[in-house]
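Asks: Got a structure for you, written out below as structure tokens; questions coming shortly.
What follows draws every value from the coordinates through simple rules; no lab data is involved. Values in this document were obtained by computation on a predicted structure and should not be read as measured data. Because the Cβ atoms are built from the backbone with ideal geometry, glycine has one as well, and the counts that use them run over all protein chains shown.
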Amino acid sequence: MALPSRKSAGRLFALSGAFLPLFFFGQAVAFFPAALTGATLGVALFYLFRIDDLKVAAPECALTLAGFLYVPLLLGHLILMRNLSHGVQLIFLLFLLVMSGDTGAYYVGRSLGRRKLYPLVSPNKSVEGALGGLAGSLLGAVIAGRTFFPELTMGDCFLMALVIGPLGQMGDLFESLLKRSFGVKDSGTIIPGHGGILDRLDSILFAAPALYYYARYLA
């Protein structure tokens, strides 16, 4: 039986990765390590027996494996978060933290930005913008605590602004790193003018696990 081409296999692996977050639902979460292990072994064995150019074997295999970890594993924490007490409020809080941080970073950086934050990865981002993002995240947390999430204390708000806010910004930087590494401007064309779906998720991917574990073990 002939093995599929690497291009066809890449699409198959991407499709299987899209189903991994389903293992975060209910009792199926207990099987997630097994599913991730099976996917990892499947990728490794495919490249072991299908590759015909040793120079690209490791990069292609690593890139495929990263696809399972970067989006499905990190995004799956939204499902885990939803299953917690106040899960709906936590998800709205996450979006508010990220969006208010993005807004603060954009406007402060545009008006006051002078010092480059990380020019190798994102030339337009500034230190002032990053600080504006922290202030925006703090404001978003305080608004949440005063409106739909009264259980939040001021200590919670400050911790979230100082930890989850920067993680969201680093998620944005990491996605910029990937795009620059591949020499592309946008991650996709499904959402015109927004750089692709991944550009809308990059901050959430990094922030969601942090908020979940904070709510699960510290709150």
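Asks: Against the 2.2 N^0.38 Å scaling, with N counting residues, where does the chain land? I'd like the Cα-based Rg ratio to two decimal places.
Replies: The chain yields a ratio of 1.14.
Asks: Shifting gears a bit: Report, to the nearest 10°, how far helix 127-146 tilts away from the longest principal axis of the Cα atoms in the chain, using its own Cα long axis and a range of 0 to 90°.
Replies: 70 degrees
Asks: Give, as a single signed number, the net charge of other residues whose beta carbon lies under 15 Å from the beta carbon of ALA66, with Lys and Arg counted +1 and Asp and Glu -1.
Replies: Local net charge: -2.
Asks: Moving on to the next point. When you count, for each residue, the other Cβ atoms within 10 Å and take the mean per peptide, how do 111-119, 159-167 rank with the highest first?
Replies: Highest mean packing first, the order is 159-167, 111-119.
Asks: Measure nothing but the geometry: give the 0 to 90° angle between the long axis through the Cα atoms of 87-112 and the longest principal axis through the Cα atoms of the chain, rounded to 10°.
Replies: The angle comes out near 80 degrees.
Asks: Then there is this: What share of all Cα pairs of the stretch 64-125, in percent, falls into each consecutive 5 Å distance bin?
Replies: 4, 15, 13, 15, 15, 16, 13, 8, 1
Asks: Now for a separate question. Only loop residues by DSSP count here, and only those with at most 16 other Cβ atoms within 10 Å; note down the GluC sites (Glu not before Pro) in the stretch 119-219 that meet that.
Replies: GLU151
Asks: Can you compute the modelled spin-label distance between PHE158 and LEU41, with each label point 7 Å from Cα toward Cβ, in nm?
Replies: 4.9 nm
Asks: Still on this model: Net charge near SER176: determine it from the other residues with C-beta under 12 Å of the C-beta of SER176, scoring Lys and Arg +1 and Asp and Glu -1.
Replies: In short, -1.
Asks: Would you mind checking the tilt of helix 32-50 against the longest principal axis of the Cα atoms of the chain, expressed as 0 to 90 degrees and rounded to 10?
Replies: Once rounded, one gets 40 degrees.
Asks: How do MET170, MET154 rank when sorted from fewest to most other Cβ atoms within 10 Å of their own Cβ?
Replies: MET154, MET170
Asks: Further question on the same structure: When the distances between all Cα atoms of the stretch 102-167 are binned every 10 Å from zero, what whole-number percent does each bin get?
Replies: Percent of Cα pairs in each bin: 25, 43, 23, 9, 0.
Asks: Now a separate question. Which of CYS61, CYS157 has the fewest other C-beta atoms within 10 Å, and how do the rest follow up to the most?
Replies: Result, fewest neighbours first: CYS61, CYS157.
Asks: Ranking VAL88, VAL98, VAL71, VAL142 by Cβ neighbours within 10 Å, fewest first, what do you get?
Replies: VAL88, VAL142, VAL71, VAL98
Asks: Hey, another quick one. Please state the shape class of the stretch 1-117: rounded when a/c is under 1.5, otherwise prolate if a/b exceeds b/c and oblate if not, all from the C-alpha gyration tensor.
Replies: Cα axes put the stretch 1-117 in the oblate bin.
Asks: Mind checking which aspartates and glutamates have their Cα closer than 17 Å to the Cα of LYS116? Skip sequence neighbours fewer than 8 apart in that chain.
Replies: Here the aspartates and glutamates satisfying the reach criterion relative to LYS116 are ASP102, GLU128, ASP172.
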